[in-house]
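Everything on this sheet refers to the single structure shown next.
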Amino acid sequence: MVTIYTVKGTKRFETPINIGSKRAYKLMGDDYITLVFSVKNPLKFALGDYCDIQDMGRFELCEPYKPTYNSNTGGYDYELKLDAQYIKWRNKIMRYLPRIGSNETSFALTATAEVHMEMILANVNALATERLSDGTEQSHPNYLHNGQREWVVSIDEGVDASAKSLSYDSINIIDALTQIAEAYDCEWWINGNIICLGKCEETND
């Protein structure tokens, strides 16, 4: 069974994994699940509703969704798409020094892969804490990994150690990650709360 929760952690709905449900993943691309189910009365899902899938992590509703009315059954059919939690970084623009409240979104940086990735890390972790106009901070745990842990970075030893100049011109965090990976001729991927940079290789033991 898969349980869908509200952003406050309250149970919204529960469904078995029915025929047609799937997981879709593309390296440095889409990462989502689709839950297929039918109900007699329509259910209202809200942005941020989520489910936790064992060994895969948290998936969230990132776009408004309406079911299809089934005239044969008189009920409603759902193909509910939930994106991996980090996919919503596509909706956030990279900022320079976000931890100190900077709103600069167009900047160039000549640095090693480690420093470029530190900039990514600062941006994603800053999403979990909003600095208010009065100087206080407001927590947004839905931007933490599974609502609990900050994100960290891991860079493979084989990644080029040289400094490279990259321009971040009002691009989102996902595109910035891809830009870094392409500049260093490697890939990025997510493993738990770890943002990985290197060569993503699968081995069969």
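The values are calculated or read from the model by the stated rules, or taken from the named source; none is laboratory data. Predicted model, so just to flag it, every value in this text is computed and none were measured. When we count neighbours, we look across all protein chains shown, and the Cβ atoms used for this are built from the backbone with ideal geometry, even at glycine. The area values use the complete protein model at the heavy-atom level, side chains included, leaving out ligands, DNA and RNA. Shrake-Rupley method; radii C 1.70, N 1.55, O 1.52, S 1.80 Å.
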(request) State the antiparallel share, in %, of DSSP beta bridges confined to the chain, rounding to the nearest 5. (result) 90 percent
(message) At R0 = 22 Å, how high is the FRET efficiency between Asn72 and Thr34 if r is their beta carbon distance? Nearest 0.05 is fine.
(response) 0.55
(message) Probe radius 1.4 Å, ligands and nucleic acids ignored: give me the carbon and sulfur share of the accessible area of the chain as a rounded percent.
(response) 46 percent
(request) Rank Ser154, Ser167, Ser71 by mean-square fluctuation in a GNM of the chain with C-alpha springs under 10 angstrom and give only the top-ranked residue. (result) Ser71
(message) Counting only pairs 8 or more residues apart or on different chains, how many lysine pairs in region 1-82 have their Cα atoms under 15 Å apart?
(response) 6
(message) Helix 173-183 against the longest principal axis of the chain: what's the angle in degrees, Cα atoms only, rounded to the nearest 10?
(response) 50 degrees
(request) Please go through region 100-205 and write out the GluC sites (Glu not before Pro) that DSSP classes as loop and that have at most 16 other C-beta atoms within 10 Å. (result) Glu104, Glu150, Glu157, Glu201, Glu202
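Say R0 is 25 Å: what FRET efficiency, to the nearest 0.05, do Lys44 and Ser21 get from their beta-carbon distance?
On the way: r = 20 Å, r/R0 = 0.81.
It comes out at approximately 0.75.
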(message) I'd like the orientation of helix 113-126 relative to the chain: the angle between its Cα long axis and the longest Cα principal axis, in ° from 0 to 90, rounded to 10.
(response) 50 degrees
(message) If you count only protein heavy atoms with a 1.4 Å probe, what accessible area per residue comes out for the chain, rounded to a whole Å²?
(response) 58 Å²
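Within a Cβ distance under 10 Å of Val153, other residues only, what is the Lys/Arg minus Asp/Glu net charge? Walk me through the intermediate numbers first.
Numbers: positive: none; negative: Glu114, Glu118.
That works out to -2.
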(message) Restricting things to Cα coordinates, could you compute the convex hull volume per residue of region 6-138 in Å³?
(response) 158 Å³
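Please work out whether region 44-203 counts as rounded, prolate or oblate from its C-alpha gyration tensor, where a ≥ b ≥ c are the square roots of the eigenvalues and a/c under 1.5 means rounded, while otherwise a/b larger than b/c means prolate and anything else oblate? Show your work: numbers first, answer last.
Working: a/c = 2.20, a/b = 1.54, b/c = 1.43.
Verdict is prolate for region 44-203.
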(request) Note down the nm distance, to one decimal, between modelled labels 7 Å out along Cα→Cβ at Thr136 and at Arg149. (result) 3.1 nm
(request) Give me the distance in nm between label points sitting 7 Å out from Cα along the Cα-to-Cβ direction at Glu14 and Leu109, one decimal. (result) 4.4 nm
